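Everything on this sheet refers to the single structure shown next.
The values are calculated or read from the model by the stated rules, or taken from the named source; none is laboratory data. Keep in mind it's a predicted model, so treat the numbers as computed, not measured. Virtual Cβ from ideal backbone geometry, glycine too; neighbours counted across all protein chains shown.
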Amino acid sequence: MTSPALNTPPNGKIGPNAVIQLGHAVTDRLGQAEAVRVFSHAGVPDMLETPPEDMTDERVPVALYQALWHVHPKEAPTLAHDAGVRTADYVIANRIPGFVKGILRLAPQRLAQRLLLKAIKKNAWTFVGSGQCETTPGSPAMITVKDNPLVMPDCVWHSAVFTRLFDQLVARGTEVRHVCGKGDAGLCKFEVTLPDAPDGEKDDNGPKTKRLRNQSRPTVHELPDSAAFFTGHWA
Ligand SMILES: [Zn+2]
């Protein structure tokens with residue numbers, strides 16, 4: 001059985017983890033037989049055993065997430081969230097060099113936020129496919145995805161990816177709110193709110209932060225353009 005989503009004309013390509021990590025999430029939480037059901041319903045039964053290794057047709061994860069909501073409507077939000085967290089963890093472990101992680105974690109929150117937003121925008125094609133991503137720093141910061149191909153209830157997969165990236169690389173407790181606006185058809189918005197800065201932390205040039213109390217902290221001038229560090233496809 002082939003999903004209707006696979007019969008539409010090709011659009012973009014998306015990182016293979018949009019497929020791989022969903023397989024892991026469903027297998028770990030519900031067992032292999034249920035994962036087989038989801039992948040079969042999506043018309044890609046072989047991809048559970050032999051997942052894509054490189055950028056893949058975005059219609060595959062679109063079909064998979066439609067199948068997920070069809071086969072497991074109750075568990076789908078949790079499973080999609082889990083898959084998003086796993087995708088971010090993969091990116092953090094494999095796509096971001098250690099010294100960049102160090103810079104992001106040591107830099108003041110707002111500077112780290114700006115650097116990560118830049119990197120997200122630069123690498124967005126790997127997790128928004130044919131959509132277009134824009135980022136705006138601020139409080140809250142905003143990530144928008146126009147024509148998001150992987151739309152789902154509350155866009156839980158993208159929300160989980162962004163939340164996990166900020167939580168692990170910028171500040172624990174960062175909240176990401178999905179605010180797809182009425183009247184903004186096809187435009188997904190994600191508000192990124194950092195937790196309150198710890199006592200003594202000021203903005204980018206502030207002298208103190210708890211995270212850095214005993215370490216020398218990079219200054220703005222020492223920080224290279226983060227976008228240059230992130231190579232290869234992310235997700
Ligand atoms: Zn959305």
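Please determine, by comparing only the residues of segment 7-29 that are outside any helix (DSSP H, G or I) and not polar (S, T, N, Q), which one is farthest from the chain's Cα centre (by Cα). Talk me through it step by step, then tell me what you get.
In the first step, residues of segment 7-29 are kept if they are outside any helix (DSSP H, G or I); the result is 8-16.
Add one more test, that the residue is not polar (S, T, N, Q), and what stays is 9-10, 12-16.
Numbers: PRO9: 25, PRO10: 22, GLY12: 17, LYS13: 15, ILE14: 12, GLY15: 11, PRO16: 13 Å.
My answer is PRO9.
Residue-wise test of (1) farther than 24 Å from THR56 by Cβ; (2) in contact with a His (Cβ under 6 Å, 6 or more places away or on another chain); (3) within 13 Å of the ligand (Cβ to nearest atom); (4) at pLDDT below 50.
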{"site": "LEU150", "(1), (2), (3), (4)": "no, no, yes, no"}
{"site": "ALA160", "(1), (2), (3), (4)": "no, yes, yes, no"}
{"site": "LYS208", "(1), (2), (3), (4)": "yes, no, no, yes"}
{"site": "SER216", "(1), (2), (3), (4)": "yes, no, no, yes"}
{"site": "HIS233", "(1), (2), (3), (4)": "no, no, no, no"}
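Counting only residues that are over 15 Å from the mean Cα position of the chain (by Cα), basic (Lys, Arg) and crowded, with 24+ Cβ neighbours inside 10 Å, give me the helices (runs of 4 or more DSSP H) lying completely in segment 30-118 with at least 1 of them. Reasoning before the result, please.
On the way: elements: 32-41, 46-49, 59-71, 76-94, 98-106.
Once the helices (runs of 4 or more DSSP H) in segment 30-118 are filtered for at least 1 residues that are over 15 Å from the mean Cα position of the chain (by Cα), basic (Lys, Arg) and crowded, with 24+ Cβ neighbours inside 10 Å, what remains is 59-71.
Could you list, in sequence order, the residues of segment 119-142 that are in a helix (DSSP H, G or I) and of a type outside the set (A, V, I, L, M, F, W, C)?
If we filter segment 119-142 for residues that are in a helix (DSSP H, G or I), which is where we start, we get 119-123, 125-128.
Matches in segment 119-142: LYS121, LYS122, ASN123, THR126.
Check whether at least one residue in segment 173-184 is more than 14 Å from the ligand (Cβ to nearest atom) and either closer than 18 Å to THR87 by Cα or assigned by TED's automatic domain parsing to the domain that holds VAL60 (or both), and report yes or no. Spell out how you get there, then give the answer.
Pass one, segment 173-184, residues more than 14 Å from the ligand (Cβ to nearest atom): 173-175.
Restricting the remaining residues to those that are either closer than 18 Å to THR87 by Cα or assigned by TED's automatic domain parsing to the domain that holds VAL60 (or both) gives 174-175.
Scanning segment 173-184, I find at least one residue that is more than 14 Å from the ligand (Cβ to nearest atom) and either closer than 18 Å to THR87 by Cα or assigned by TED's automatic domain parsing to the domain that holds VAL60 (or both), so the answer is yes.
Quick check on my filter: what residues within segment 128-148 are of a type in the set (Gly, Ala, Ser) and within 11 Å of the ligand (Cβ to nearest atom)? Give the derivation first.
First pass over segment 128-148, keeping only residues of a type in the set (Gly, Ala, Ser): 129-131, 138-139, 141.
Selection gives GLY131 alone.
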